[in-house]
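J.: The structure follows.
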Amino acid sequence: MYKTVFVSTFPPRQCGIAAFTSDVMKWLNRTEQVQSTAIAVNDIAGSYNYDSRTWFEINQFDKDDYIKAARIINSSDIDIVVIEHEYGIFGGPDGIYILNLAEQLSKPFIVTCHTVLPQPRGYQRYILSQLGKLSAATICMSSHSKELLSDIYDISENKLYIIPHGIPVFDRLSRKGLKKRYGFADKKIISTFGLIGPGKGLEYAIEAMADVSNAFDNALYLILGQTHPNLKRYEGEHYREYLVSIINKLDIDQHVLFVNKYLSMQELNDYLSMTDVYVTPYPGKDQAVSGTLSYAMGAGKAIVSTPYIYAQELLADGRGLIAEFSDPKSIADNIIKILADPALQRSLEERAYAYGLHMQWPIIGQQYDNLLRRMIVSKAREPEILKA
């Protein structure tokens, strides 16, 4: 048995990294062979009602909390630490406070990279480079990210491991039955899910619905998810209101529907199951990973995406269709192409599902378990190697 702690955001905080960390821990804790807990990184002190898996909390904006966390870990029986790295979840310029924890740790740690930028700015390169150098191992989720970590961030290749983004084992449910149950009978469903905010490109997908609805008057675009809590806290619903203004201007309110809530896993399973075309219209080419795209693959969806780095890798070899960046007509043309060709839709769904099998949590969780065990054994042997 070994003990590990994850330094990350954590549910009930609504954050993709939090959900990912919870899933990894859930898989590791499935037996008595691993005991994993979380050190939750808070953006608002005392606002989250954590469950028993949370060991203690760090105030994101308090540099001393990171040092305190390192001391607590060092004096504990934890065998290994996992830092879930994303620039926006740690305090200081570009999240540099995480180095106050990493540099103080006497326990080995692994870093999981959720964002790997090809042109880092400010402290971004320094932070990720330092984490990589100090870590026992660095995990990334695509081959392109691995190249960047080696070439730009100078992390030794023998420390780099590719473990794909984990996804649930989705129940394959009746599309027709679900549409009827949710009141969408006879609709062609296009969907996108995730926390809503600028940078998701939703405006381009909405504009695309003008052409899609002309070709298919039963087409309905479901935007699944609520506004990102941080965005809502500081800016309110300005972005959603902007999206609504586009819908009203194009007179397509019958063809776009907001499902304004944070979906449970069962609800997400239902909505993905009834989806005919899944869309990720992100405008940024450097996006290293997309959990929502990974989920859509795992659910076996026909996918239309802009050509950001992660999408190009996942949708290669006929696993999806690629539209141009910030181009509603290109998005619409690809959606229409799928809706007009049931054989193409089935082919894309089958290829996506087949590829997604290797990303399911039973497989990905085992890879995490294997790597954690290997690093614990490796670090335990280091003094003997040095003596020799």
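J.: Between Leu160, Ala323, Leu173, whose Cα lies farthest towards the positive end of the dipole of the chain when Lys and Arg beta carbons carry +1 and Asp and Glu beta carbons carry -1, centred on the Cα centre?
T.: The residue sitting most towards the positive pole is Leu173.
J.: Here is a follow-up. With a probe of 1.4 Å, find how much accessible area the chain has per residue, and write the answer as a whole number in Å².
T.: With all protein chains present, the chain gives 43 Å² per residue.
J.: Given H placed 1.01 Å from N in the peptide plane, which residues other than close sequence neighbours of Thr112 have an amide H under 5 Å from its amide H?
T.: Ile83, Glu84, His85, Ile139
J.: Taking Rh as the Kirkwood radius computed over C-alpha pairs, what is the Stokes-Einstein D of the stretch 195-351 at 25 °C in a medium of viscosity 0.890 mPa s, expressed in µm² per second?
T.: Estimated via Stokes-Einstein, D reaches 155 µm²/s.
J.: If all Cα-Cα distances of the stretch 238-305 are sorted into 10 Å bins from 0 onward, what percent lands in each bin, rounded to whole numbers?
T.: P(r) for the stretch 238-305, in whole percents per bin: 16, 40, 39, 5.
J.: For helix 238-250, what angle does its Cα long axis make with the longest principal axis of the chain, in degrees from 0 to 90 and rounded to 10?
T.: 20
J.: Right, next: Relative to the longest principal Cα axis of the chain, at what angle does helix 16-28 sit, 0 to 90 degrees, rounded to 10?
T.: Taking the Cα atoms of the chain, the angle to 16-28 is about 60 degrees.
J.: Using alpha-carbon positions, what is the distance between the centroids of the stretch 186-244 and the stretch 290-365, in Å?
T.: Computed from Cα coordinates, the inter-centre distance equals 18 Å.
J.: Sticking with this structure for a sec: Using a cut-off of 12 Å between beta-carbons, work out the net charge of the residues near Tyr161 (Lys and Arg +1, Asp and Glu -1, Tyr161 not included).
T.: The answer is +2.
J.: Then there is this: Whose amide H sits under 5 Å from the amide H of Ala219, counting only residues 5 or more places off or on another chain, with H placed in the peptide plane?
T.: Lys188
J.: Straight-line reach from Lys179: which lysines have a Cα under 24 Å away, not including same-chain ones fewer than 8 places off?
T.: Cross-link targets: Lys187, Lys188, Lys261, Lys301, Lys337.
J.: Would you mind checking the tilt of helix 328-339 against the longest principal axis of the Cα atoms of the chain, expressed as 0 to 90 degrees and rounded to 10?
T.: Result, in degrees: 80.
J.: If you place +1 on the Cβ of every Lys and Arg and -1 on the Cβ of every Asp and Glu, how big does the dipole about the Cα centre of the stretch 34-177 come out, in debye to the nearest 20?
T.: Approximately 400 debye in magnitude.
J.: Right, another one. Under a straight-distance cross-link criterion of Cα-Cα below 16 Å, which lysines are reachable from Lys3, leaving out those fewer than 8 residues away in the same chain?
T.: Qualifying lysines at Cα under 16 Å: Lys26, Lys107, Lys379.
J.: From the square roots a ≥ b ≥ c of the eigenvalues of the alpha-carbon gyration tensor of the stretch 70-151, which class results: rounded (a/c under 1.5), prolate (a/b over b/c), or oblate?
T.: Judged from the Cα gyration tensor, the stretch 70-151 comes out oblate (a/c at least 1.5, b/c at or above a/b).
J.: Where does the chain land at 222 nm, in deg cm²/dmol rounded to the nearest 500, when only DSSP H runs of n ≥ 4 count, each adding -39500 (n - 2.57), divided by all residues?
T.: So the calculated ellipticity at 222 nm is -13500 deg cm²/dmol.
J.: Semi-axes, largest first, in whole Å: what does sqrt of 5 times each Cα gyration tensor eigenvalue give for the stretch 269-388?
T.: Equivalent ellipsoid semi-axes, largest first: 38, 17, 10 Å.
J.: Please turn the phi angles of the stretch 149-165 into ³J(HN,Hα) values with the Karplus equation 6.51 cos²θ - 1.76 cosθ + 1.60 (θ = phi - 60°), one per residue in order, whole Hz, x for glycine and proline.
T.: 4, 6, 7, 9, 9, 6, 8, 4, 4, 6, 9, 8, 9, 9, 10, x, 4
J.: Continuing with this model, one more query. Mind listing the long-range amide H neighbours of Tyr262? Cut-off is under 5 Å, sequence gap 5 or more, other chains count too, H placed in the peptide plane at 1.01 Å from N.
T.: Gln226
J.: How much of the accessible area of the chain, in percent, comes from carbon and sulfur atoms when a 1.4 Å probe is used?
T.: Here it works out to 49 percent.
J.: Using θ = phi - 60° and the Karplus form 6.51 cos²θ - 1.76 cosθ + 1.60, what ³J(HN,Hα) does each residue of the stretch 260-272 get, whole Hz, x for Gly and Pro?
T.: For the stretch 260-272, the Karplus curve yields 7, 7, 8, 6, 6, 4, 5, 5, 4, 4, 5, 5, 5 Hz.
J.: Sorted by packing (mean other beta-carbon atoms within 10 Å per residue), highest first, where do 229-241, 16-28, 58-70 land?
T.: 16-28, 58-70, 229-241
J.: What FRET efficiency comes out for the pair Asn74/Ile363, r = Cβ-Cβ distance, R0 = 45 Å, nearest 0.05?
T.: 0.85
J.: Would you kindly derive the ³J(HN,Hα) couplings of the stretch 54-59 from the backbone phi angles with the Karplus curve 6.51 cos²θ - 1.76 cosθ + 1.60 (θ = phi - 60°), listing them in order in whole Hz, with x for Gly and Pro?
T.: Whole-Hz 3J(HN,Hα) from phi for the stretch 54-59: 8, 7, 7, 10, 10, 6.
J.: Could you tell me which of rounded, prolate or oblate describes the chain, using a ≥ b ≥ c as the square roots of the eigenvalues of the alpha-carbon gyration tensor, with rounded for a/c under 1.5 and, failing that, prolate when a/b is larger than b/c and oblate otherwise?
T.: Note, shape of the chain comes out prolate.
J.: What's the magnitude of the charge dipole for the chain around its Cα centre, counting Lys and Arg as +1 and Asp and Glu as -1 at the beta-carbon? Answer in Debye, nearest 20.
T.: That gives the chain a dipole magnitude of about 780 debye.
The values are calculated or read from the model by the stated rules, or taken from the named source; none is laboratory data. The model shown is predicted, which means the values in this text are computed figures rather than measured ones. A quick note on method: Cβ atoms are made from the backbone with ideal geometry, for glycine too, and the neighbour counts reach across all protein chains shown. Note: accessible area is taken over every heavy atom of the protein model, side chains too, but ligands, DNA and RNA are not part of it. Shrake-Rupley method; radii C 1.70, N 1.55, O 1.52, S 1.80 Å.
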